[in-house]
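Working notes, beginning with the structure itself.
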Amino acid sequence: MPRRFGCAERVSVACPLSSADFIRRFRLLILLAWLIPPLFGMSFLLLIGMFSPPQILQLLVTPLELGFVLGWLLLSQWYFSRFVRPVADWLARPGEPAAAAALARVRAFPRHFWGVFLFYLLLAPASVIISAEMATQFVATAGDWLRIHLVALIVSIIVGLPVFFAIFDLFGRALSGLRQPRPVFSIRTKVFMVGALMPLLVDTLLVQYYWTRTGYFSMETLFVWGLLQLLAVLGALMFARSLGQSLQPLEAVVENAPALLDQRPSIQPSSTDELGVLAGRYQDLLERLHFHGKALQVGSLILADRDVESASGKAFEQVVALCQEALRADIAFLLLFDEAAQELVGVAQTGVPYRSQGHHRIPLDATSLAVFVFRQGRRVAIDDVHGDPRVSPDMVAKFDICAAIATPLRVEDKVIGILMGADQRPGRHYSAEDCALIDVLAREAASVVHTLQLQARRREAEAQFHKADEFARATLQSIADGVVTTDTEGRVDYLNGVAEKLTGWIREEAMGQPLATVLRLIDEDSDRPVADPVARCLASGDSFPLPGPLNLLSREGDREFAVEVRVSAIRGADQQALGVVLVFHDTTELTSLSHRLSYQASHDSLTGLLNRHEFEARLELALESARHENIEHVLCYMDLDRFKVVNDTCGHVAGDELLKQLATRMRASIREADTLARLGGDEFGLLLEGCHLAQARGVVNTLLQMVSEFRFVWADKAFDVGVSIGLAPISAQSGSITDVLSAADSACYMAKDQGRNRLHVFEPDDLALLHQKGEMQWLQIIRQALENDDFVLYQQAIRPMKGIPPAGDDTPHSEILLRLRTGEGAVVAPSSFLPAAERYHLMPQIDRWVVRQVLAFLRALQAQGGVMNLSINLSGQSLCDEDFPAFVTTAVLASGVPPAWLCFEVTETTAITNLSRAVGLISELKRMGCHFALDDFGSGLSSFNYLKNLPVDYLKIDGSFVKDMDRNPVDRAMVVAINEIGHLMGIQTVAEFVTRLSVLEALDEIGVDYAQGYFIANPEPLVPETGDK
């Protein structure tokens, strides 16, 4: 540890003087000034024999002498303590007024001190003589009075002067914190008093002693004494003059102090003593300070000038000018290191303007004093450059140089340039002071160059930052998302244009506002403000999205936007959080679209009720709650009665209107917590959650009564409709969703079987009835057939009528018929299993199986060189399947079979029921090259009305008109009408159910294009049986 020194151990630095210390020491010195002179005077009188020791003792104890001495001691203490009180006050409380008062008292102190002191000396001898005459037999003569006064005066002055000097030394310490404009007590006065007055007084005492002891005092003695005093005075005056000459340069420094740094100082020592040395050192110091100040002015010029290029030129010109002035050189150079080019570039030299590209460039491999100094990294001074290998001869010749000095410019131990001075006069010697001066200038020049480089980098960084800032702001203004930034206190400090538009705040007004005031985020589910995201982000330090859904309320509260918000911390280079940025995206349209799509995906477009998919999802949740929470529910499966009558009588538009009206009335007749859905066609589902079977009966009976009382009116017709409802209780013991739906569907089936317009509750015993009717059995068989490929494809030929070319070519044409092979090997007709497939929505799977098998057959036939056109029947469920067109397209393209080989048949009723989907499917597959036929045409009353909207290739006349047309003129008329309408529209006709020759002949007479039926060809397997599966 460094040693701590006390005040007694310090040599060069005095301890601070307190007010109490000053008063204590001052009183001690005053005490000595008034106590020592009497003691010295009495001793000298005893020495010269004027008084004996007993007389001295008697004299001192006399009341007069004792009172005189003590009285003067107390008086001097009181008077001078009060006199110097301003000095003590200044030490206690420094300040401008106290300083002026203290300095004034110190300047007045010599007059007061010597005035009181000399007055005391005039009275003291009289007190001594009177006391001696009163206490002893001493009788003073006139000579005694003279000698005693001289002794008192001389001894008091000899003793008082040191005390006086000590008091002024004490004043010097006390006033060390003040700057005095002029000396209070000059050195010359001190020298004169010590060199002349003190010897004079001492010699006078010696002469008096000699006179008293010998009694001899002649003119010769007086002459010698006078001569000695004259020599003492003359010597003191000469010494004072010599001291004044030594002090003259320093006094000049003091007198011209304000102008010293404005111009180069010129202090010429006037003596060879310590003061002369001190003056020389002051000259060196002030020169350095002068040039240091000039260099600082150059630095200030750089900092004040915003034009870096202009500031650089001025600064470098001033640097070389300072170097020339400091060294008194003829020329000075400043060279900077170009790191890219590995050259020293002479950017400035005296006598020529600054050039940023350089007056000359010196490669680092060239011979040059600047290169040598740059590589060595140290100062070099050469008094004679001629013949010196370190100096370039070209530079010597060019500038006529005789001597040169150069020093490196360093920044962080890296040489960045060279400062060089040169003389054109021979005999120049560079002194240590010259070396010190150029080093000082080099340090300052390095600071200037470094400052310029930093300024340039700062300006470049500012420009880049400004550009980046402008780019960032432009980017933030142009992006589609809202951006808000805050400080760590959560107060807004930036909004982009999108944020201004969405919040309703402009940036200037939002600045400094709390985030919650500007960005009013509301949780859509709870309708409560979102908790402070800034505090959460700063606490976690992570970037995160705010959980939604969220709404942003505008400033006026009149607008609301759905938003997605992401919160991130803004961090500085030290990873300390500077604030938070919130980026929010307006999802109002997207949310609205999502809601619409979600609604459309979960609701029936016609009635607005839930669709089958959503209903099954809610039914699944009900089953879960029944299993885990033991809650009872009831499922109702409803099928409208006499709906087909309305459809066939008034058309599908009337049927749609009937469904919408009944859906509205049903929704109004159930509880708010119940779930009502349209499952397809005229079938509805109702889920009564948290409802016992007894309660469910009440709700369902209300529905039954409402539907029974409802009369549907269309145009001039009125219809009574009914509804068959099957109820299936849901409990913890219920099976899967398929089981529950099957149970409710079966109960509905039983309600229809029992007379319609009634409800039937599913009971476990009902399974026996279902098995008798075969529905449940066929369901399982169909599923196994799909898994095991147990279906079989048959074909029935479609032949052109005699004399009519078959569609322009002779390609065989057949309709694909579906059969099912049971486990026992029996082949079952479709009338046995298709109703169950339709009821349990398995037709799309069956249709896809048929398409795949037909394509596989045609691909094999194509490989063998064969050609054949095949017609495939499509169900209404496949027609409603959105993915079915894409499936057919992909399958046909993947098979490589020509699309023209395929013809798809859709029944008239199915097409008209799903008109828009039928048109879309027909158009899409026809674009690919497939053909389309409208099957069972004429079975509906609106056939001709919809035909013009269906772009089909064939009309297959319903067999109910064809089979007896040779006997029934009405049937014949219907066939004739359909055939003529088809031909007028460019559509070929196909007659079904041709069972005898007379029917065939009638068709030929009418002009029907194709015929199909048992008279033409019986159905046969598409692929002949081989014994294998």
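What follows is calculated from the coordinates using simple rules that are stated; it is not laboratory data. Worth saying up front: this structure is predicted, and the values here are computed from it rather than measured. Cβ: placed from backbone, ideal geometry, glycine included. Neighbour counts: every protein chain shown.
Taking amide hydrogens as placed 1.01 Å from N in the peptide plane, the amide H of ASN496 sits under 5 Å from those of VAL483, each at least 5 positions away in sequence or on another chain.
The loop-placed GluC sites (Glu not before Pro) in the range 958-1015, going by DSSP, include none that has at most 15 neighbouring Cβ atoms within 10 Å of its Cβ. For the range 31-101, the relative contact order is 29 percent, taking Cα pairs closer than 8 Å that sit 6 or more residues apart in sequence and dividing their mean separation by the residue count. Overall shape: oblate for the range 895-1029, with the ratio a/c of the largest to smallest alpha carbon gyration tensor axis at 1.5 or above and b/c at least equal to a/b. Reported to the nearest whole Å, the Cα centre-to-centre distance from the range 638-714 to the range 956-1024 is 40.
The string of couplings for the range 750-757 from the Karplus curve (6.51, -1.76, 1.60, θ = phi - 60°) is 5, 5, 5, 5, 8, x, 6, 6 Hz, one whole number per residue in order, with x for Gly and Pro. In a DSSP loop and with at most 14 other Cβ atoms within 10 Å, the trypsin sites (Lys or Arg not before Pro) in the range 795-901 are LYS802. For the range 597-752, the dipole from Cβ point charges (+1 on Lys and Arg, -1 on Asp and Glu) about the Cα centre works out to 300 debye, to the nearest 20.
Inter-part distance, the range 547-597 to the range 99-118, computed on C-alpha centroids, equals 83 Å.
Charge tally for GLY512 (other residues, Cβ to Cβ under 14 Å; Lys, Arg +1; Asp, Glu -1): -3. Proximity of backbone amide H atoms, modeled 1.01 Å from N, is registered between ASP423 and ASP330, CYS402, ALA403, ALA404 at under 5 Å, excluding neighbours fewer than 5 places apart on the same chain. Restricting the chymotrypsin sites (Phe, Trp or Tyr not before Pro) of the range 457-542 to loop positions (DSSP other than H, G, I, E, B) with no more than 13 neighbouring Cβ atoms within 10 Å leaves nothing.
For GLY1013, the residues whose modelled amide H falls within less than 5 Å of its own, excluding neighbours fewer than 5 places apart on the same chain, are VAL994. Phi-derived couplings, Karplus 6.51 cos²θ - 1.76 cosθ + 1.60 at θ = phi - 60°, listed residue by residue for the range 532-540: 3, x, 5, 4, 5, 5, 5, 6, 8 Hz, with x used for Gly and Pro. 3J(HN,Hα) along the range 1015-1020: 6, 7, 6, 7, x, 9 Hz, from the Karplus curve 6.51 cos²θ - 1.76 cosθ + 1.60 with θ = phi - 60°, whole Hz, x for Gly and Pro.
Charged side chains reduced to their Cβ positions (Lys and Arg at +1, Asp and Glu at -1) give the range 476-593 a dipole of some 200 debye around its Cα centre. At q = 0.12, 0.13, 0.15, 0.25 Å⁻¹, what is the log10 ratio I(q)/I(0) for the range 684-768, with the Debye formula run over Cα points and no solvent? With no solvent term, the Cα-only Debye profile gives -0.40, -0.46, -0.59, -1.28.
Using Cα-only point scatterers and the Debye equation, what is log10 of I(q)/I(0) for the range 627-770 at each q in 0.09, 0.15 Å⁻¹, rounded to two decimals? One equal scatterer on each Cα of the range 627-770 leads to -0.28, -0.73.
I need the shape label for the range 438-514. Rule: rounded when a/c is under 1.5, else prolate if a/b > b/c, else oblate, with a, b, c from the alpha carbon gyration tensor. Judged from the Cα gyration tensor, the range 438-514 comes out prolate (a/c at least 1.5, a/b above b/c).
The modelled label-to-label distance between ARG852 and ARG458, using points 7 Å beyond Cα along the C-beta direction, is 7.8 nm.
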